[in-house]
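Structure record follows, encoded as structure tokens.
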Amino acid sequence: MTTTYVGLLHSIVLGPGKRLVMADLRAMAEDLGFRNARTLVATGNLIFDGEAAPPADIEARLEAAFRVRFGKHVDIVLRTEDAFRRLAAKNPFPDGNGPDVGIRVMRRPLGP
């Protein structure tokens, strides 16, 4: 069964004078066997298709490949397309997000 995934990369700054080219990020995903890899502008958000698997397994594969390819560890938080759509539907700012609003997707909920 094919599933569409959304991968959110946290802090993709590679270091002084280095930048992450989105075409290289898409190529990394496709080298891992994922299909139809695409990105949104130069944000480090990665959307791709793959066989259904536990998100933690795919996160680990992507993070390991990222470290090898780009020389830095980056946390990659993964959601299925359906889970991401449910998250977006719960947007507490339905009339638009102001310039001071930021949303962060976490692997696990924060504790108290």
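The values are calculated or read from the model by the stated rules, or taken from the named source; none is laboratory data. Worth saying up front: this structure is predicted, and the values here are computed from it rather than measured. In this analysis, Cβ positions are derived from the backbone assuming ideal geometry, glycine residues included, and neighbour counts consider all displayed protein chains. For the accessible areas, the whole protein counts, side chains as well, though only heavy atoms, and no ligand, DNA or RNA atoms are used. Shrake-Rupley method; radii C 1.70, N 1.55, O 1.52, S 1.80 Å.
Extending 7 Å from Cα along the Cβ direction at A65 and again at V41 yields two label points whose distance is 2.5 nm. What percentage of the solvent-accessible surface of the chain, computed with a 1.4 Å probe over protein heavy atoms, is contributed by carbon and sulfur atoms? Answer for the chain is 56 percent, counting heavy atoms of protein chains only. As a calculated quantity, the FRET efficiency between D31 and N91 at R0 = 35 Å, using C-beta atoms, amounts to about 0.55.
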